[in-house]
Amino acid sequence: MIPPSPAQSRILWFAATFFAVGVILALIVGIVWGLGKVLHLFSPVLWPLAIAAVIAYLLDPVVDLLEHRRVPRNRAIVLVFAVAACVMLAIAGAIIPRLIVETRELGSRIPDYATELQHRATNWIENSRWRWEQFMPDRATTPPGTNAPGTDVVPSTPAAEPPLDRQMIAASFSWLKSAGPAIGGWIVAQVSRVAAWFGLLAGIVLVPVYCFYFLKEKAGIQRNWTNYLPVHESKLKDEVVFVLTSINDYLIVFFRGQVLVAACNGVLYTIGFFAVGLNYALLLGLIAGALSII
């Protein structure tokens, strides 16, 4: 068997490398697609856990501080929960009424803003040097009811119309036939929406429970989570544990920093908007602070 020449070897290696890269990319896309499907399927269960984990990340330093001051951990968690609830209620009592007023005012002015925007767009189209007619030069300009030049007028004889009661019955059956699927789809959509709201409320109720569990069992989770890794005891498992622990530490710092930055941005934006006399300053400041997390 004659061995391939150097040029043929390079071509073969390039083809094999290209095929291997394509297979790896296809596997990555498949894994990401599968994870997306799994996350979408289990999202009603996963998002309360994620929110509870973030809240536990934020409250854990305070609980640890109280525990170091010889306060039992369960009592420290309950105390932190009570203080956090009082702070949130105080902030909500100070912000929500003003926020409702600004939201209602903005909602009442939306039709005026839409009318003004439509008026400005109409003026811009009318005053622009571009005209729609230049894009449609062959458009017929004959008034309705007349025929274009060169065409013959063919008088049409009116057909005999059915009685009025038959027309009404036929129209009713036609409307029911066309509206039946739409009504059924609307009912199914409303039932699904109600079920989704119940699921959302159930998830919101479970968030404090999960958070309390994460804070209470922090030591046990940190000590025993490595037992659930599907890897045998080896140097590889030690490396995996080290990497996951580092990622967890960085995530904790990241979430705390992002929440702190978002809160500072929201307060500073609100103060700045109030200082310049901007309408809906509180609403826009809260939105800007929330979006700064992104």
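The values are calculated or read from the model by the stated rules, or taken from the named source; none is laboratory data. The model shown is predicted, which means the values in this text are computed figures rather than measured ones. As a convention, Cβ positions derive from the backbone with ideal geometry for all residues, glycine included, and neighbour counts pool all protein chains shown. Ligands, DNA and RNA are excluded from the accessible area calculation, which covers all protein heavy atoms including side chains. Shrake-Rupley method; radii C 1.70, N 1.55, O 1.52, S 1.80 Å.
Just in the range 15-73: which chymotrypsin sites (Phe, Trp or Tyr not before Pro) are loop by DSSP and have at most 11 other Cβ atoms within 10 Å?
Numbers: sites: F18, F19, W33, F42, Y57; in loops: F42.
Sparse-neighbourhood loop chymotrypsin sites (Phe, Trp or Tyr not before Pro): F42.
From the protein chains alone at 1.4 Å, what is the descending order of accessible area for K237, K218, K37, largest first?
The most accessible residue leads, giving K37, K218, K237.
Rounded to the nearest Hz, the phi-derived 3J(HN,Hα) couplings of the range 79-91 under the Karplus curve 6.51 cos²θ - 1.76 cosθ + 1.60 (θ = phi - 60°) are 5, 5, 4, 5, 5, 5, 5, 5, 5, 5, 5, 5, 5, where x marks glycine and proline.
If you roll a 1.4 Å probe over the range 1-105 with all protein chains in place, what percent of the accessible area is carbon or sulfur? Please list the in-between numbers first.
Numbers: 6510 of 8190 Å².
The C+S portion of the solvent-accessible surface of the range 1-105 is 80 percent.
May I ask you to derive the FRET efficiency for T122 and I96 from their Cβ-Cβ distance with R0 = 41 Å, giving the value to the nearest 0.05? With R0 = 41 Å, the Cβ-Cβ based efficiency is 0.60.
If R0 is taken as 51 Å, the Cβ-Cβ distance between K235 and N279 corresponds to a FRET efficiency of 0.25.
Multiply the residue gap between R223 and A16 by 0.36 nm, knock off their C-alpha separation, and tell me the result in nm, one decimal place.
Working: separation 207, 0.36 × 207 = 74.52 nm, distance 4.54 nm.
Gain on extension, R223 to A16, equals 70.0 nm.
Rounded to the nearest 0.05, the FRET efficiency derived from the C-beta distance between R75 and T245 at R0 = 22 Å is 0.15. I need the shape label for the range 2-115. Rule: rounded when a/c is under 1.5, else prolate if a/b > b/c, else oblate, with a, b, c from the alpha carbon gyration tensor. The shape class here is oblate. What separates the Cα centres of the range 250-294 and the range 208-235 is a distance of 34 Å.
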